[in-house]
Amino acid sequence: KNEVEQSPQNLTAQEGEFITINCSYSVGISALHWLQQHPGGGIVSLFMLSSGKKKHGRLIATINIQEKHSSLHITASHPRDSAVYICAVRISGSRLTFGEGTQLTVNP
Amino acid sequence: EPEVTQTPSHQVTQMGQEVILRCVPISNHLYFYWYRQILGQKVEFLVSFYNNEISEKSEIFDDQFSVERPDGSNFTLKIRSTKLEDSAMYFCASSKDGNYGYTFGSGTRLTVV
């Protein structure tokens, strides 16, 4: 069983829609990261969370430590948001354990 | 904004050859990492490096792999004798300390033929 599970695996939305990507993990963590991977392969860090909620522009990330669950929300989605969104957790040390990613496609 | 720089962006090598992947982490960062992503799979941890030594490594990071910080700026990953299954995107990352966010490089796509 994967330590980090994301859903959905694939998501297609129309421009302007509100998007939610979910991440569940099975063990205690010290931090959770949301990352974005573009078609060229590069990875960009979006958020690091250990509790509560963070917001940056149209992106919002929340985490519920008791339920071992995090969500990434995108408001007013745009075609340029199309990418793979990856949840990764820090369980011990400073290494990250990654989820499989969610492929998001936003159509105009 | 400071960046982690990786070179080359693409490398094709013959099976059995040695390759060195290079990274320049952000200058005031103290923790350095290598991760890899085989095509179609999730990103996997290889190794972390702090204070001029390996602090953690995964089961993937066997004797064929080594890391080095040869000077104050570069961080390298060497694969001694490449196998077909080493074909992947290799990402370098750095962090100011293990509790801060990461900055990833844009990756080196390694193809072993």
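What about B:Val12, is it aliphatic (A, V, I, L, M) and farther than 21 Å from B:Val112 by Cβ? No: the conditions fail for B:Val12.
Taking the criterion of being among the hydrophobic types (A, V, I, L, M, F, W, C), within 15 Å of A:Phe18 (Cα to Cα) and crowded, with 19+ Cβ neighbours inside 10 Å, the residues of the range A:76-108 that qualify are A:Leu104, A:Val106. The test for being at pLDDT below 95, surrounded by 14 or more Cβ atoms within 10 Å (Cβ to Cβ), farther than 15 Å from A:Thr102 by Cα and out of contact with any Pro (no Cβ under 7 Å at 6 or more places or on another chain) does not hold for A:Arg58.
When the residues of the range A:1-23 are filtered to those that are surrounded by fewer than 17 Cβ atoms within 10 Å (Cβ to Cβ), modelled with pLDDT of 95 or more and polar (S, T, N, Q), which remaining residue is farthest from A:Lys68 (Cα to Cα)? Among those that are surrounded by fewer than 17 Cβ atoms within 10 Å (Cβ to Cβ), modelled with pLDDT of 95 or more and polar (S, T, N, Q), it is A:Gln14. Summed over the range B:14-36, the residues that are surrounded by fewer than 19 Cβ atoms within 10 Å (Cβ to Cβ) and over 12 Å from the mean Cα position of the chain (by Cα) give a count of 10. Candidates are the residues of the range A:75-108 that are away from chain B (no Cβ under 12 Å) and in contact with a Lys or Arg (Cβ under 6 Å, 6 or more places away or on another chain); the one that is farthest from A:Tyr25 (Cα to Cα) is A:Ala76. Filtered by the rule that a residue be of a type in the set (A, V, I, L, M) and within 14 Å of the chain's Cα centre (by Cα), the range A:14-49 gives A:Ile19, A:Ile21, A:Ala31, A:Leu32, A:Leu35, A:Ile43, A:Val44, A:Leu46, A:Met48, A:Leu49. No other residue among A:Leu11, A:Leu32 is within 13 Å of chain B (Cβ to nearest Cβ), in contact with a Leu (Cβ under 7 Å, 6 or more places away or on another chain) and in a strand (DSSP E or B) apart from A:Leu32. When the range B:37-62 is filtered for residues that are of a type in the set (Ser, Thr, Tyr) and within 12 Å of the chain's Cα centre (by Cα), only B:Ser48 remains. Here B:Phe65 meets each of (1) at pLDDT below 95; (2) in contact with a strand residue (DSSP E or B) (Cβ under 8 Å, 6 or more places away or on another chain) with one exception, condition (1). Just one residue in the set A:Ile43, A:Ile29 is within 16 Å of A:Glu3 (Cβ to Cβ) and surrounded by 17 or more Cβ atoms within 10 Å (Cβ to Cβ); that residue is A:Ile29. Pairing each residue of the range A:38-59 that is without any contact (Cβ under 8 Å) to a residue 12 or more places away in the chain and at the interface with chain B (Cβ under 9 Å from one of its Cβ atoms) with any residue that is outside any strand (DSSP E or B) and crowded, with 16+ Cβ neighbours inside 10 Å, provided the two are 6+ apart or on different chains, yields C-beta distances under 8 Å for A:Gly40/B:Ser106; A:Gly41/B:Ser106; A:Gly41/B:Gly107; A:Gly42/B:Gly105; A:Gly42/B:Ser106; A:Gly42/B:Gly107.
Of all residues in the range B:39-62, those being of a type in the set (A, V, I, L, M) and closer than 17 Å to B:Phe104 by Cβ number 3.
Within the range B:61-97, how many residues are farther than 14 Å from B:Ser27 by Cα and small (Gly, Ala, Ser)? Result for the range B:61-97: 4. Entry remark, the range B:41-86: residues being of a type in the set (Phe, Trp, Tyr) and within 17 Å of B:Val112 (Cα to Cα) number 1 in total.
The values are calculated or read from the model by the stated rules, or taken from the named source; none is laboratory data. Just so it is clear, the model here is predicted, and its values are computed rather than measured. So basically every Cβ, Gly included, is an ideal-geometry build from the backbone, and we count neighbours across all protein chains shown.
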